[in-house]
Every structure is written in C-alpha cells, then in structure tokens.
Amino acid sequence: MKVSFDLHDVGPSITVTYDGILPDLFREGQGIVAQGVLVEPTKIEAFEVLAKHDENYMPPEIAEAMKKTHAPLQYSQEQKQGSDQ
C-alpha cells in the first residue's frame, strides 16, 4: 500500500512517502520515526515507518546507533550553576 503523509514540527512540513503497511499506533498527532532517503529538501522516501509509543520512546536499534554516533551532552560547571551575570 503506497501512502503519503506530512510531518509538522518546527520549520517547514516534510512529506513522507512509504510503500507498506503503517503501524497500528500510527495516527494524527502521534510521534513517528521514518527512515529513508531525502529526495528533496522537504520530501523523504521512507523504507521504514515506526510509531512511537510515547514521546520518550525510542526503538532500541536507533538508541544504540545514536550512542555510537552522538557524544553525550556535557555541561560546564558554569552552565550547571547558571550564569552570575
């Protein structure tokens, strides 16, 4: 089944096209993860679409990939205590 939907957050909308069955949790207002190819500045051809259980949920594969490619955020002591200025 070929579907197309728009993602809205901050900035311009992104159109996602996907050829497959959408997850049961997929619905308007629900967070999703779409993996695919950016074919235009605001268009993705997805090969996988996952519905997030809640805004804090992240699939284990993506969480593991992010651990490998993204350094944890480190705050300086000044940032932790707040600026005195």
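Here, each number is a calculation from the coordinates, and none is a lab measurement. This one's a predicted model, so the numbers in the text were calculated from it and none came from an experiment. Neighbour counts are summed over all protein chains in view; Cβ atoms, including those assigned to glycine, are modelled from backbone coordinates with ideal geometry.
Would you mind ranking Met58, Met1, Met66 so that the residue whose beta carbon has the fewest other beta carbons within 10 Å leads the list?
Details: Met58 16, Met1 7, Met66 10.
Least crowded to most crowded, the residues run Met1, Met66, Met58.
Counting Lys and Arg as +1 and Asp and Glu as -1, what is the net charge of the other residues whose Cβ lies under 15 Å from the Cβ of Val37? Could the numbers behind the result be given before it?
Working: positive: Lys43; negative: Asp19, Glu40, Glu45, Glu48.
My count for the surroundings of Val37 gives -3.
Looking only at segment 2-70, where both bridge partners belong to it, what percent of the DSSP beta bridges are antiparallel (to the nearest 5)?
Details: 14 of 18 bridges.
The antiparallel fraction comes to roughly 80 percent.
Give the calculated FRET efficiency between Ile21 and Met66 to the nearest 0.05, with a Förster radius of 30 Å applied to their Cβ-Cβ distance. Intermediate results must be reported in sequence, preceding the final value.
On the way: r = 26 Å, r/R0 = 0.87.
That gives a FRET efficiency of 0.70.
Count charges around Ile62 for me, please; just the other residues with Cβ under 12 Å from its Cβ, Lys/Arg as +1, Asp/Glu as -1. Display every interim value, and only then the final one.
On the way: positive: Lys52, Lys67, Lys68; negative: Glu48, Glu61, Glu64.
Summing Lys and Arg as +1 and Asp and Glu as -1 gives 0.
Return the FRET efficiency for the residue pair Lys52, Ser76: r is the Cβ-Cβ distance, R0 is 25 Å, and the value is rounded to the nearest 0.05.
Once rounded, the FRET efficiency stands at 0.20.
Return the distance in nm (one decimal) between the two label points of a simple spin-label model at Thr42 and Met1, each offset 7 Å from Cα along Cα→Cβ.
Each label point is offset 7 Å from its Cα along the Cβ direction, giving 2.7 nm.
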